[in-house]
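For reference, the structure is listed below as structure tokens.
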Amino acid sequence: MSDLRVLYVVHNHPTLHPGGAEAYALELYEAMRETPGVEPLLLARIGTNVARRRVAHPGTPFSAVNGDPGQYFVFTETEHFDFFTLTSRDKALYTRHLTDFLLAQRPDVVHLQHTHFIGVDLLSQIRRVLPEATIVYTLHEFLPICHRDGQMVRTFGDELCAEASPRRCNECFPELSPQAFFLRERFVKGHFANVDRFLAPSAQLMDKYLRWGIPEDRIEVEEYGRREPLRRAGDPAAMRTPTNIGFFGQLSRFKGAEVMLDAMAMLDPECEAHLWLHGANLELQTPEFQEEFAVRSDELRDRVTFRGPYDHDELPRLMEGLHWVVVPSIWWENSPLVIQEAFFHRRPIIASDVGGMAEKVADGVDGIHFRAGDAWSLARTIERATASPQLWQELREGIREPYAMDAHVERLLELYAEDVETRKAVVVGG
Amino acid sequence: MARATVAEKRLRKALDADEHELKALLREEFAGLAAEQRAELLQRVAKSAVKGNGGSAALSARLHGVREVLRERLPICVVDERQPIGLAVEQILAIDERSFWISGWAREEEAGGRIVVVSPEGHRVDLSKRAFRFERPDVVQFYAGLGRAGDRDQGFTAFFELPASSRLGSGWVVELHTAAGAAVEVQCPPVNTDPQAVRTTILGELGNHAPPRRLAAEHGRHALSRLQERIVGEAEIDSVDTYGEPPELPEVSVIIPLYRRLDFLEHQLLHFSIDPELAEAELVYVLDSVEQREELAARARELFALYRLPFRVVNPTAGSGFAGANRHGVAVASGRKLLLLNSDVIPDRPGWLGEMCRFYDAGERIGALGAKLLYEDDSLQHAGLYFHRLPGTEVWENAHRFKGLHRSFPAAAVAQPVPAVTAACALVDRERYEEVGGLPLHYVQGDYEDSELCLRLAEAGYENWYLPEAELYHLEGQSYVAEARRGLSDYNMWLHSELWGEEIAATMERFDPHAATVAGQGVRR
């Protein structure tokens, strides 16, 4: 029996621009490459918004990545992408280039990690060109549902949104009509109808897609599998109280940057907590936000230290001095990778009590919840957490090993096999 | 007058041939005649010359030359708040080559004067009895210094026809002959010939004088019908582009006018492409916003390559509105049934077209069959039309049954005859459609073409039906933009009532719009 050819499609390559979904996609590709009986391919979108270089070769958007015969870039013009309808205005991308690629590679399974900058039309075109191919789609955020960068946070007051509708979306974007949102939803769903199986890394994300209308029998929860870190961080330097809290990730509003700073300013003077910010992409935030961040972190310099961007390989060393990791996002998140990272290094988590944080961190077991977006609640939680070496020790013992990549690969292969059979039956029967 | 008759013949001949002779004749033979004789001669020449020649710009120019020599000139009216006589022409609009719309005002000491419009070619039309007269507060105020004397209705607006074409853009004159025996004249501003601008201006004037609708009834209706004929008549099919291979003998042709919002094409093709029944139908798009031809051609090519659903695009030479565009679509269509569809209609799920066709075929004498149309929030947009007027008012409005209620509303789940259905989605047998003349062209891009079609079908003995099993979304008002229709709807509504008031009243005697009515079974609530 020949190898199973699996094509992974992702909206960006981690060597161009760091990001959770793209890092996971590359890890998964690499893990599959080491798995007997599987021949994986990775197709990552490249464009002028992430790379200096324009299209590599005349007449084709495809180019090889680092000499790996299994990894390709596909170049798409950022300006050709319709960020509202999630489609490329350049239909030749589908009808010519991606068609050529699919026919040349003939994957048995196309597992999409993302269709951003490529467009949902790809799903219909895969189905048309390769009727026998299985289409799997991992949902990483809420872009198909929510025009606000897929965050499902309302544009006024940053209230969490549990349900999209043309009326509600128009409230968030008064300049876009309810009819436009209706067409957007129908368009995306029209193309999504070609997907055999959706995977949701968290149950809360799946629930929102179920409510949006993805049929129950076509979606299931499958957590991101992660490769073990090469080295685990040791115990933090002996201290009387577990005072050191770390933040990893983008410093943005949605990630709760303001909530953290507000909470640190509200701490009891007796509290010895210190926050270490390992934050990336500050330069991508609005000038006002950057300005405010600079002023606030300077005011709080006795309690907060900004350490700048970090490389994934540095994590064990950076974790070493920390007791806690804080995940204060004010949006739902999906399954934040930082939670898995923290658990690998056995750091309990102080997390918002909503969405992926509430689901992946068990309050009182391996972390503590605070009320999302509420700086007062976070301040009290930090005071309680940093005052008790015993609580810290208990939570640390409650941490389970994150979902391993090996198990994830095994599960995916089961699902692929099942879907390939079903698809064959459909094609033969139909 | 024997001498004049011989000379007149020479004059007519000279108009055709010899400019030199024409000038000599005018000088030697006619210039010396009395004013009245000259006027009479001028009128006869203008009329009969055209009969022989059919009219041309050159002839118009020569006739204008003749008029200039022979016409008795009146003193030019100077508008002055101290002079009791005033005359002004504000605009003259060409409806077509032979009919015009004029508006202005005339002020005199007492009522009863004559307003005469003179075409550049010398035709005289007396507007006195014809014009719609109305008070002009601005004119009254202007002459306030002269006291309260003077004619009350200074304003005049009129639609009028000439016996022959007038093709000159300038040279129109209006004369005022007062009851007291004074006479003045003014030159008119250049003629506005742009049909769209003319239409907008006339609709604006109708809006200023409603109700009562005397201006609309006596002038507006004639002018606008002619204008519509001209606009529609000037739009011909320029080309038909075919994408893919449409079915050869389709049961149904789906006709979809496209206006501005070309993005709807992509949405419709996506949703149609997953419905096998649509592949068996003939899809005919008609581009009514003709300036988008290149853009549409580029998109259509790409979208056909992506969705592989065959369709045609009809490119007319000019836009002609919803009914006009449908007319082009029908001309190209080869199906035995016609499905009129708006571009902003998106099916809820596949199968709707088959449902409609089967129901249509099973019916006895169905005229138009409508569908359940939904808003984006799953409330009802259309479940059949009826007619409504407030007690004490004359004009009937089109109304939608159960509009705004949830799509599951029980009374909207019953297939039943209705007074009319919307053309946003309507299935009609082609022969029946043609038997009644199709969508009427006399409305100004209005909401009444479909109800008149249904009234015509009913008059011919067919029954219009509503079918709830066919469910589609209609993003109402997204295609033909609502702003362009404000003011139009008043006129259209009036015309619709004027033409069909009796039939509507009789229909509504028998129809209960608030209940599900099953044919022959009375009312079910």
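The values are calculated or read from the model by the stated rules, or taken from the named source; none is laboratory data. Bear in mind the structure is a predicted one, so any value in this text is a computation, not a measurement. Heads up, the Cβs are rebuilt from the backbone with ideal geometry, glycines too, and the neighbour counts pull from every protein chain shown.
Numbers at a glance
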read-out: Set A:Arg167, A:Arg184: member being within 14 Å of another protein chain (Cβ to nearest Cβ), surrounded by 23 or more Cβ atoms within 10 Å (Cβ to Cβ) and part of a helix (DSSP H, G or I); value: A:Arg184
read-out: Strands (runs of 3 or more DSSP E) fully within region A:1-89 counting 3 or more residues that are within 17 Å of A:Leu112 (Cβ to Cβ); value: A:4-10, A:38-46, A:68-75
read-out: Region B:231-247: number of residues that are surrounded by fewer than 18 Cβ atoms within 10 Å (Cβ to Cβ) and either part of a helix (DSSP H, G or I) or free of Cβ contacts under 8 Å to residues at least 40 places away in the same chain (or both); value: 2
read-out: Selection status of B:Ala362, surrounded by fewer than 17 Cβ atoms within 10 Å (Cβ to Cβ), in contact with a strand residue (DSSP E or B) (Cβ under 6 Å, 6 or more places away or on another chain) and away from chain A (no Cβ under 14 Å); value: no
read-out: In region A:283-312, the residues that are of a type in the set (Lys, Arg), over 17 Å from A:Pro269 (Cα atoms) and surrounded by 16 or more Cβ atoms within 10 Å (Cβ to Cβ); value: A:Arg296
read-out: Residue among B:Arg299, B:Arg349, B:Arg327 that is away from every other protein chain (no Cβ under 14 Å) and not hydrophobic (A, V, I, L, M, F, W, C); value: B:Arg327
read-out: Subset of region A:187-202 [within 9 Å of chain B (Cβ to nearest Cβ) and either crowded, with 20+ Cβ neighbours inside 10 Å or not in a loop (DSSP other than H, G, I, E, B) (or both)]; value: A:Phe187, A:Gly190, A:His191
read-out: Region B:454-479: number of residues that are modelled with pLDDT under 95 and within 15 Å of B:Leu427 (Cβ to Cβ); value: 0
read-out: Condition met for A:Val426 (under 30 Å from A:Ile135 (Cα atoms), without any contact (Cβ under 8 Å) to a residue 40 or more places away in the chain and among the aliphatic types (A, V, I, L, M)); value: yes
read-out: Qualifying positions in region B:122-152 - acidic (Asp, Glu), under 33 Å from the mean Cα position of the chain (by Cα) and more than 25 Å from B:Leu224 (Cβ to Cβ); value: B:Asp138
read-out: Filter result (in contact with a helix residue (DSSP H, G or I) (Cβ under 8 Å, 6 or more places away or on another chain), crowded, with 17+ Cβ neighbours inside 10 Å and within 14 Å of another protein chain (Cβ to nearest Cβ)) within region A:123-164; value: A:Leu123, A:Ser124, A:Gln125, A:Ile126, A:Val129, A:Ala164
read-out: Flag for B:Pro410 being surrounded by fewer than 17 Cβ atoms within 10 Å (Cβ to Cβ), more than 24 Å from B:Phe359 (Cβ to Cβ) and at pLDDT below 95; value: no
read-out: Subset of region A:82-119 that is facing chain B (nearest Cβ under 10 Å) and within 28 Å of A:Glu418 (Cβ to Cβ) - its residue that is surrounded by the most Cβ atoms within 10 Å (Cβ to Cβ); value: A:Tyr94
read-out: Filter result for the condition that a residue is more than 14 Å from A:Ile245 (Cβ to Cβ), free of Cβ contacts under 8 Å to residues at least 12 places away in the same chain and within 23 Å of the chain's Cα centre (by Cα), over A:Glu418, A:Glu397, A:Glu410; value: A:Glu410
read-out: Residue match in region B:235-248 (condition: under 16 Å from the mean Cα position of the chain (by Cα), modelled with pLDDT under 90 and not basic (Lys, Arg)); value: no
read-out: Criterion: under 30 Å from B:Thr200 (Cβ atoms), of a type in the set (Phe, Trp, Tyr), crowded, with 17+ Cβ neighbours inside 10 Å and at pLDDT below 95 - qualifying residue of B:Phe387, B:Phe322; value: B:Phe322
read-out: Pair list, Cβ under 7 Å, 6 or more apart: region B:104-130 residue without any contact (Cβ under 8 Å) to a residue 24 or more places away in the chain, other residue of a type outside the set (A, V, I, L, M); value: B:Asp126/B:Arg114; B:Ser128/B:Arg114
read-out: Residues located in region A:254-271, provided they are in contact with a helix residue (DSSP H, G or I) (Cβ under 8 Å, 6 or more places away or on another chain), part of a loop (DSSP other than H, G, I, E, B) and surrounded by fewer than 17 Cβ atoms within 10 Å (Cβ to Cβ); value: A:Met266, A:Asp268
read-out: Helices (runs of 4 or more DSSP H) wholly inside region B:264-364 that include at least 1 residues being more than 25 Å from the chain's Cα centre (by Cα) and either over 28 Å from B:Val444 (Cα atoms) or not hydrophobic (A, V, I, L, M, F, W, C) (or both); value: B:276-280, B:293-307, B:352-362
read-out: Condition met for B:Arg312 (within 14 Å of chain A (Cβ to nearest Cβ) and touching a residue at least 12 places away in the same chain (Cβ under 8 Å)); value: no
read-out: Number of the condition not met by A:Glu394 [criteria: (1) at pLDDT 95 or above; (2) crowded, with 18+ Cβ neighbours inside 10 Å; (3) not hydroxyl-bearing (Ser, Thr, Tyr)]; value: (2)
read-out: Checklist (1) of a type outside the set (Gly, Ala, Ser); (2) within 20 Å of B:Ala458 (Cα to Cα); (3) modelled with pLDDT under 95 applied to B:Tyr360, failing item; value: (3)
read-out: Where A:Arg232 falls short, out of the listed (1) within 20 Å of A:Arg307 (Cβ to Cβ); (2) not in a helix (DSSP H, G or I); value: (1)
read-out: Single residue of A:Ala23, A:Ala56 found to be of a type in the set (Gly, Ala, Ser), at pLDDT below 95 and within 24 Å of the chain's Cα centre (by Cα); value: A:Ala23
